[in-house]
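Working notes, structure below.
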Amino acid sequence: MCLLENPHFQATDMNCWACEEVRSVLDLSKMHNPRDFQPHTGFPYIVKGAGAAVTYGTLQKMYESNRHLINRDAYRISSTVHEWKSVADLMEYSLERNPTTNQDAHIEWRVNRLEPARLLRKLFPRPSFIPNTVNMERFILVDEPKAPQYKLPFPEGYRVFIMQGSGQRMLVLEPVEGCNINCTRVSVLLKPTDLLYYNSWFYRPKSSPVANSTTISVSYIGSL
């Protein structure tokens with residue numbers, strides 16, 4: 001894996017077998033071990049109720065209890081609000097009580113150091129069917145209800161899982177270039193405590209707002 005993603009990279013002679021027969025995201029919510037019922041590692045699936053409920057307020061409390069550690073090892077964020085450069089900027093703004101003018105802010109917080117990663121693992125414990133790995137990189141996405149569509153970050157592992165802590169977002173899985181003729185776009189609505197699995201070798205997801213949503217969305221992304 002590269003340290004930085006090359007946006008111009010394109011695999012040649014892509015074998016698109018894993019997404020050619022996918023017409024929808026498989027719902028494996030009632031299965032004791034969803035991986036046993038997944039047709040293959042390229043097939044996207046959702047498990048409802050598999051994740052933890054995590055709100056913006058939960059993140060605030062975690063930050064307040066670990067301010068020194070986060071400000072030292074995981075303080076940077078990227079945001080559509082120009083003034084927010086750090087986690088401290090975001091948390092001190094109190095977004096729940098003070099929504100932005102258009103309620104369309106989007107924040108991406110990337111964590112790739114051991115100690116802050118452990119904090120996030122406590123907030124978003126992995127369900128038993130998601131194996132532990134050495135991948136340390138993870139992302140927290142915070143979206144106001146009207147945050148516009150954006151591409152999800154590209155994590156280090158190709159088997160990706162998203163846990164929806166709070167709020168709602170529509171996830172659209174777009175086939176990668178080279179497979180967009182053989183494969184079709186699929187989408188799924190993520191609600192609180194839902195877990196979505198997809199394979200980034202075949203899909204590049206986009207996150208879109210949900211009509212009539214009124215709560216802040218908090219999403220967690222990890223990979224295997």
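The residue list E83, E137, E96, E115 contains one member that is under 18 Å from the mean Cα position of the chain (by Cα) and either more than 23 Å from V47 (Cα to Cα) or of a type in the set (D, E) (or both), which is E137.
For region 140-161, the condition of being of a type outside the set (D, E, K, R), within 24 Å of F37 (Cα to Cα) and part of a strand (DSSP E or B) holds for at least one residue. Here F129 clears all of (1) touching a His at 6+ places or on another chain (Cβ under 9 Å); (2) under 26 Å from D36 (Cβ atoms); (3) not in a loop (DSSP other than H, G, I, E, B) except the condition numbered (3). Among the residues of region 15-26, those that are surrounded by 14 or more Cβ atoms within 10 Å (Cβ to Cβ) and under 20 Å from the mean Cα position of the chain (by Cα) comprise V25, L26.
Considering region 169-224, and only residues there that are aromatic (F, W, Y) and in a strand (DSSP E or B), the residue that is nearest to D143 (Cα to Cα) turns out to be Y220. When region 23-74 is limited to residues that are within 26 Å of E174 (Cα to Cα) and among the polar types (S, T, N, Q), the one that is modelled with the lowest pLDDT turns out to be T41.
Just need a number here: residues in region 84-98 that are in a loop (DSSP other than H, G, I, E, B) and either charged (D, E, K, R) or loosely packed, with under 15 Cβ neighbours inside 10 Å (or both). Result for region 84-98: 5. Looking only at residues of region 155-175 that are surrounded by fewer than 19 Cβ atoms within 10 Å (Cβ to Cβ) and modelled with pLDDT of 95 or more, we find that the one that is farthest from L120 (Cα to Cα) is E174. When region 118-134 is filtered for residues that are under 18 Å from the mean Cα position of the chain (by Cα) and either within 22 Å of K48 (Cα to Cα) or small (G, A, S) (or both), the ones remaining, listed by number, are L120, R121, K122, L123, F124, P125, R126, P127, F129, I130, P131, N132. In region 125-137, the residues that are surrounded by 10 or more Cβ atoms within 10 Å (Cβ to Cβ) reach residues that are among the small types (G, A, S) and part of a loop (DSSP other than H, G, I, E, B) with C-beta atoms within less than 6 angstrom, at least six apart or across chains, in these pairs: P127/A50; N135/G157.
The values are calculated or read from the model by the stated rules, or taken from the named source; none is laboratory data. Nothing here was measured: the structure is a model prediction, and the numbers come from that model. Reconstructed Cβ throughout: ideal geometry from the backbone, glycine too, with neighbour counts over all protein chains shown.
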